[in-house]
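One structure is given below, encoded as structure tokens.
The values are calculated or read from the model by the stated rules, or taken from the named source; none is laboratory data. Just so you know, these numbers come straight off a predicted model, no measurement behind them. Neighbour counts are summed over all protein chains in view; Cβ atoms, including those assigned to glycine, are modelled from backbone coordinates with ideal geometry. Protein only, heavy atoms only, side chains kept; ligands, DNA and RNA dropped before computing areas. Shrake-Rupley method; radii C 1.70, N 1.55, O 1.52, S 1.80 Å.
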Amino acid sequence: MTSQTIIDPPEDGHFRNGQASNGSAPSPTTLSIHLTINGRDHALDIEPRVTLLDALRERLHLTGTKKGCDHGQCGACTVHVDGERVLACLTLAAQVEGRSITTIEGLADEDGTLHAVQAAFLEQDAFQCGYCTPGQIMSAVACIREGHAGSDEEIREYMAGNLCRCGAYPHIVAAVRQAAEGLRS
Amino acid sequence: MTAHDMKHAGSDSARLEAVGGRLSRVDGPAKITGAARYAFEQQLEGLTHAVLVGTTIAAGKVTGIDTRAAETAPGVLAVLTPDTIMELNSASDWFGRQPSEETYCPLVREVTFSGQHIAAVVAETLEQAVAAAALVKVGYDETPAIVDLSDGSDGIPVDAMTKEWGDAEAAFAEAPVRVCASYNTPREFQAAMEPHGLIARWEGDELTIWEPSQWLDGMARTYAEWFGVPFENVRLVSPYIGGGFGSKALALAHSAVAAAAAKMLGRPVKLVLNRPQNFTSYGGRAATRQTVAIGADKAGRIQSIVHRGVNETAVDGMWVEPLGSVTSIMYATPNFSSKQNVVRVNTVVPGAKRAPGENPSAFGIECAIDELAYELGIDPLEMRLINYAEQDPHAKKAWSTRQLREAFAAGAEAFGWARRSREPRSMRDGHQLIGWGVAAGTYPVRRAYGEAVVKLLADGSVEVESSSIDMGQGTYTILAQTAAETLGVPVEKVSVRLGDSHFARAGVTGGSRLAGVMTGAVYKAAGQALDELIGLALSDPRSPFHGLQANTLQVKGGRIAAPRGDGPEFSIAELMSTLGREKIEAKGDTVPASFTPEQRYNNYTTIAMALPHTEGEHSRHSWCAHFVEVRVDEDFGTVRVSRVVSALDSGRLYNPKLAESQWKGGIVMGIGQALLEEGIVDRRHGRIVNGNLADYMLPTNADIPDIQTISVGIPDPHSSALGGKGVGELGIVGVAPAIANAVFHATGKRVRDLPITLEKLI
């Protein structure tokens with residue numbers, strides 16, 4: 001993803017929460033930011049080191065976005081920032097001020113009508129425990145939008161960043177294929 | 001498309017809803033919209049966050065913990081060490097055996113493995129706790145560690161694992177055809193996508209724990225014993241579980257730390273293990289070594305099997321991975337010997353991972369039989385049929401049902417096995433060597449007693465309650481189907497409530513037992529509720545059916561009527577209103593009437609009361625046959641699984657759509673086991689160096705081909721009330737040997753050490 005940097009990093013590149021390098025008396029810095037999530041504005045007073053993922057889950061109680069590894073390895077925290085898929089655990093909340101963020105909670109219509117990808121996941125049983133599922137669905141929506149759902153092989157490749165330990169992969173491919181066909185017609 | 005897909009393609013909704021129908025999972029909408037709130041996603045007033053500090057050595061003593069910097073860091077509420085954490089009672093183990101020590105400290109001074117918890121920081125925010133935990137300084141007196149099986153002695157014999165009949169060693173020595181080889185599996189991890197963690201809250205002496213759990217009642221017992229409070233004072237809540245695979249059945253050291261911190265602070269504490277901690281805070285599958293020797297006559301009939309196994313266990317804990325479990329039952333043999341040792345190494349106590357025992361056991365025997373087939377020049381599938389066990393060779397009892405021959409036939413047909421050329425390296429596509437392999441799998445039917453509450457409400461809706469859980473197997477769905485079918489109501493009228501230890505009790509969700517136990521309990525409870533409704537309808541003077549010349553009534557589609565349809569007909573809601581009833585509630589159980597309250601308690605909070613799978617006249621198991629195609633790059637040695645066809649006998653399927661998902665999930669995990677997964681231990685400090693989801697490689701979508709599953713099961717009345725056998729564990733058993741056998745067929749190389757990585761092939 002491309003990102004706008006709204007805070008200057010310290011010279012050595014490591015945020016230390018205002019703490020001197022000798023470890024004495026740290027003083028936290030708080031940022032007041034506004035995030036636009038699923039079309040709604042949210043004001044937050046947070047430390048610069050708070051990730052988008054923890055802001056969503058711990059501050060805004062939008063727990064649909066999941067934390068699997070916190071290291072950008074599993075894809076469970078995939079959200080959309082300005083329509084592109086982004087790992088919320090590798091994104092600081094402060095980085096995405098002024099951007100349009102969509103989470104799994106914002107994917108269905110206001111009236112509850114499921115997005116085509118959500119409906120296909122249900123029909124194809126493309127999940128079991130459901131923990132990776134929001135990330136899979138957000139990735140799948142973007143995968144189709146990117147034009148990377150042209151064949152099963154392409155779907156497997158472009159969905160490979162989202163791990164599923166229940167092993168729903170064959171059904172995820174079927175669901176993405178079904179949704180892509182539905183959205184094309 | 002599977003056989004089931006075709007069979008039910010045109011089915012109507014009633015067919016979908018009944019037991020055996022392909023109803024989509026009822027908890028699905030919550031999971032695909034983000035509305036499903038998992039255990040530690042609850043929002044509580046005053047929530048604090050705890051982060052653990054782990055050892056960086058594998059053996060030795062903690063000489064000092066300097067907490068000063070952490071204690072003065074912003075937001076920090078407490079730093080807990082072995083010196084400052086409250087004292088807990090030791091708890092009994094999962095068999096209910098009393099502990100040898102009186103007290104328990106979940107933070108240690110004596111180090112027995114790397115990553116062991118030694119301190120915990122509690123702060124107002126997660127970020128503050130993470131930052132402060134990094135400020136805790138620990139001094140050690142390090143001693144040499146035993147880092148893996150190769151360091152140890154021959155180990156400790158586990159006599160209970162010995163299985164012998166005939167004179168196996170002599171018969172092997174005399175057999176005209178012999179194979180003997182060693183098969184190794186590495187330390188593997190469950191790696192559920194949802195990490196372990198919990199929120200603990202005390203209100204007086206009542207403790208509520210929100211924690212992903214495969215066993216609410218068992219874990220509640222442990223918390224109650226740790227803190228010396230009555231069992232009823234502990235409430236465990238676990239509405240959804242983000243994968244367990246055997247890892248989430250026990251309350252662990254980190255659970256104790258969080259609950260103790262909450263008590264000490266008087267505030268709720270959330271503690272979630274970070275991903276590396278998920279590799280050291282509880283055990284994955286133990287590394288194993290097996291030697292399998294098979295002697296046969298020249299027609300391929302097995303005369304003897306001699307099997308020796310070893311698994312790693314911990315310095316201060318015991319785990320036995322039963323390596324002779326499949327070896328002793330898969331093939332008929334007049335002579336057999338299996339023995340097992342364990343070797344203590346500096347690791348967290350290994351634990352249950354999908355099909356513990358059966359999985360590595362099948363890797364040994366199912367590779368060995370393939371080797372024997374090649375030694376004799378017999379087709380590997382034919383080899384298995386020549387030695388087909390017509391009864392349980394160990395228990396000497398009839399199989400309850402064993403559709404393994406049918407599985408071989410259906411799988412071979414769908415896979416096209418007859419077109420296979422037998423010689424290794426005889427099939428190729430350009431630079432790719434193609435190999436076809438087969439292997440069988442099995443898992444015992446584990447049974448226990450269960451209970452459930454079914455409520456018929458005034459509006460005609462139905463509630464089912466149980467402290468059992470759904471971690472993706474489909475419990476919510478199949479219990480809704482069971483209640484709907486038994487009561488004669490549409491499935492959308494049924495809501496199933498699980499994952500709360502204050503509901504009707506349930507034993508462990510493990511060993512593929514839950515579906516059989518709980519469908520039986522719900523069937524019974526729903527039947528009792530229905531009987532009460534019909535009894536009232538016939539006997540209550542206010543009832544429109546009162547005085548009707550009928551012995552019973554029929555409920556269908558939520559409407560109640562005389563069986564011949566010649567009388568009045570009302571909806572259940574109308575009848576309830578006429579009867580003036582708010583609800584009809586039935587608690588049904590399958591527990592023997594002779595059980596004392598103590599026995600009932602132990603039935604749900606220990607595994608000591610489980611029924612042996614060879615109880616009575618029969619030996620009960622699920623069975624499967626996997627057919628796998630691999631493509632191996634001739635130059636680089638990279639292995640790709642390109643096709644899988646598996647035929648499985650899980651008895652009657654309560655919901656084929658969901659059962660197929662579980663089977664395929666097991667197969668996917670088996671592909672990971674065969675080709676990717678291996679915990680790598682640093683020999684200097686005994687650390688798991690790949691304890692994260694990038695370096696401990698799980699299969700990704702791009703690693704997995706189409707998988708075809710075929711159900712060959714028939715209802716098994718000896719295994720469960722409704723005829724099902726186990727589903728969840730079965731799928732993985734036999735996948736790794738099928739792949740190893742396919743790799744041999746492709747390349748002519750036998751790789752007997754998992755995972756099969758490219759350096760072992762070039």
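Looking for something farther than 24 Å from B:Pro490 by Cβ, in the same structural domain as B:Thr486 (by TED's automatic domain parsing) and not acidic (Asp, Glu) - is there at least one such residue anywhere in the stretch B:567-584?
Looking for residues that are farther than 24 Å from B:Pro490 by Cβ, in the same structural domain as B:Thr486 (by TED's automatic domain parsing) and not acidic (Asp, Glu), one finds at least one in the stretch B:567-584, hence yes.
So, of the residues in the stretch A:52-89 that are open to solvent by 20 Å² or more (accessible area, probe 1.4 Å) and either of a type in the set (Lys, Arg) or within 27 Å of B:Asn690 (Cα to Cα) (or both), which turns out to be farthest from the other protein chains (Cβ to nearest Cβ)?
Result: A:Arg85.
Got a number for residues in the stretch B:232-246 being open to solvent by 10 Å² or more (accessible area, probe 1.4 Å) and of a type in the set (Gly, Ala, Ser)?
Here the count works out to 1.
Which of the residues that make up the stretch A:133-185 are among the hydroxyl-bearing types (Ser, Thr, Tyr) and touching a strand residue (DSSP E or B) at 6+ places or on another chain (Cβ under 7 Å)?
Selection gives A:Ser139 alone.
Are any residues in the stretch B:57-74 closer than 21 Å to B:Val272 by Cβ and surrounded by fewer than 20 Cβ atoms within 10 Å (Cβ to Cβ), and if so, which ones? Can you show your working first?
Keep residues of the stretch B:57-74 that are closer than 21 Å to B:Val272 by Cβ, which gives B:70, B:73-74.
Correct list: B:Pro74 only.
Select from the stretch B:67-85 the residues that are in a strand (DSSP E or B) and either in contact with a Phe, Trp or Tyr (Cβ under 7 Å, 6 or more places away or on another chain) or within 11 Å of chain A (Cβ to nearest Cβ) (or both) and list them in ascending order. Write out each step before concluding.
The first filter runs over the stretch B:67-85 and keeps only residues in a strand (DSSP E or B), leaving B:76-80.
Result: B:Val76, single match.
I'd like the full set of residues that are open to solvent by 20 Å² or more (accessible area, probe 1.4 Å) and within 13 Å of chain B (Cβ to nearest Cβ), limited to the stretch A:90-110. Break it down stepwise before answering.
Here is the first cut: in the stretch A:90-110, the residues open to solvent by 20 Å² or more (accessible area, probe 1.4 Å) are A:90, A:92, A:95, A:97-100, A:102, A:105-110.
Passing the criteria: A:Leu90, A:Leu92, A:Thr102, A:Glu105, A:Gly106, A:Leu107, A:Ala108, A:Asp109, A:Glu110.
Filter the stretch B:681-696 down to residues that are within 10 Å of another protein chain (Cβ to nearest Cβ) and not aromatic (Phe, Trp, Tyr) and give me whichever is surrounded by the most Cβ atoms within 10 Å (Cβ to Cβ). Let's see the steps before the verdict.
Taking the stretch B:681-696 as the starting set, the residues that turn out to be within 10 Å of another protein chain (Cβ to nearest Cβ) are B:692-696.
Checking which are not aromatic (Phe, Trp, Tyr) leaves us with B:692-695.
Numbers: B:Asn692: 19, B:Leu693: 26, B:Ala694: 14, B:Asp695: 12.
Going through the qualifying residues, I end up with B:Leu693.
Yes/no per residue for (1) of a type in the set (D, E, K, R); (2) within 14 Å of chain A (Cβ to nearest Cβ); (3) surrounded by 24 or more Cβ atoms within 10 Å (Cβ to Cβ):
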{"residue": "B:Leu456", "(1), (2), (3)": "no, no, yes"}
{"residue": "B:Ser501", "(1), (2), (3)": "no, no, yes"}
{"residue": "B:Arg513", "(1), (2), (3)": "yes, no, yes"}
{"residue": "B:Ala525", "(1), (2), (3)": "no, no, yes"}
{"residue": "B:Asp531", "(1), (2), (3)": "yes, no, no"}
{"residue": "B:Leu538", "(1), (2), (3)": "no, no, no"}
{"residue": "B:Ser543", "(1), (2), (3)": "no, no, no"}
{"residue": "B:Gly547", "(1), (2), (3)": "no, no, no"}
{"residue": "B:Gly558", "(1), (2), (3)": "no, no, no"}
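Hey, could you check the stretch B:129-160 for residues that are among the β-branched types (Val, Ile, Thr) and under 29 Å from A:Arg49 (Cβ atoms) and say which is surrounded by the fewest Cβ atoms within 10 Å (Cβ to Cβ)?
Quick first cut of the stretch B:129-160, residues among the β-branched types (Val, Ile, Thr) only: B:130, B:136, B:138, B:143, B:146-147, B:156, B:158.
Pick out the ones that are also under 29 Å from A:Arg49 (Cβ atoms) and you get B:130, B:136, B:138.
On the way: B:Val130: 17, B:Val136: 22, B:Val138: 19.
Taking the candidates together, the pick is B:Val130.
Here is a check on your reading of the model: is B:Ile714 surrounded by fewer than 23 Cβ atoms within 10 Å (Cβ to Cβ), among the β-branched types (Val, Ile, Thr) and within 26 Å of A:Gly167 (Cα to Cα)?
When the stated conditions are applied, B:Ile714 passes them.
What is the number of the single condition among (1) without any contact (Cβ under 8 Å) to a residue 12 or more places away in the chain; (2) crowded, with 16+ Cβ neighbours inside 10 Å that B:Glu413 does not meet?
Failing condition for B:Glu413: (2).
If only one of B:Glu492, B:Glu485 is without any contact (Cβ under 8 Å) to a residue 12 or more places away in the chain and part of a helix (DSSP H, G or I), which one is it?
Every option except B:Glu492 fails the conditions.
For (1) free of Cβ contacts under 8 Å to residues at least 40 places away in the same chain; (2) at positive phi, each residue gets a yes or a no:
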residue: B:Gly557; (1), (2): no, yes
residue: B:Ala561; (1), (2): yes, no
residue: B:Gly565; (1), (2): yes, yes
residue: B:Lys583; (1), (2): no, no
residue: B:Ala586; (1), (2): no, no
residue: B:Asp589; (1), (2): no, no
residue: B:Ser594; (1), (2): yes, no
residue: B:Glu598; (1), (2): yes, no
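Tell me whether the stretch B:413-423 contains one or more residues that are modelled with pLDDT of 95 or more and on the phi > 0 side of the Ramachandran plot.
Checked against the condition, which is being modelled with pLDDT of 95 or more and on the phi > 0 side of the Ramachandran plot, the stretch B:413-423 yields at least one hit.
Name every residue in the stretch B:1-51 that is of a type in the set (A, V, I, L, M, F, W, C), part of a loop (DSSP other than H, G, I, E, B) and at pLDDT 95 or above, in order of residue number.
B:Leu23, B:Val26, B:Ala35, B:Ala36, B:Leu44, B:Leu47
Please note which strands (runs of 3 or more DSSP E) are completely contained in the stretch B:252-324 and include at least 1 residues that are hydroxyl-bearing (Ser, Thr, Tyr) and within 28 Å of the chain's Cα centre (by Cα). If you could, list the steps in order and put the result at the bottom.
Details: elements: B:269-272, B:288-296, B:302-314.
The qualifying strands (runs of 3 or more DSSP E) are B:288-296, B:302-314.
Residues B:Ser594, B:Ser646, B:Ser661: which one is of a type in the set (Ser, Thr, Tyr) and assigned to a loop (DSSP other than H, G, I, E, B)?
Working: B:Ser646 fails: assigned to a loop (DSSP other than H, G, I, E, B); B:Ser661 fails: assigned to a loop (DSSP other than H, G, I, E, B).
Answer to the check: B:Ser594.
Taking B:Leu44, is it in contact (Cβ under 8 Å) with a residue 40 or more places away in the chain and within 12 Å of another protein chain (Cβ to nearest Cβ)?
In short, yes.
Scan (1) farther than 30 Å from B:Glu225 by Cβ; (2) surrounded by fewer than 24 Cβ atoms within 10 Å (Cβ to Cβ); (3) among the polar types (S, T, N, Q) for the single condition B:Gln662 breaks and write down its number.
If we test B:Gln662 against (1) farther than 30 Å from B:Glu225 by Cβ; (2) surrounded by fewer than 24 Cβ atoms within 10 Å (Cβ to Cβ); (3) among the polar types (S, T, N, Q), just (2) comes out false.
Of all residues being more than 7 Å from chain A (Cβ to nearest Cβ) and either under 16 Å from the mean Cα position of the chain (by Cα) or at pLDDT below 95 (or both) in the stretch B:668-680, which is farthest from B:Pro717 (Cα to Cα)? Just the residue, please.
Ranking the qualifying residues of the stretch B:668-680, first place goes to B:Gln673.
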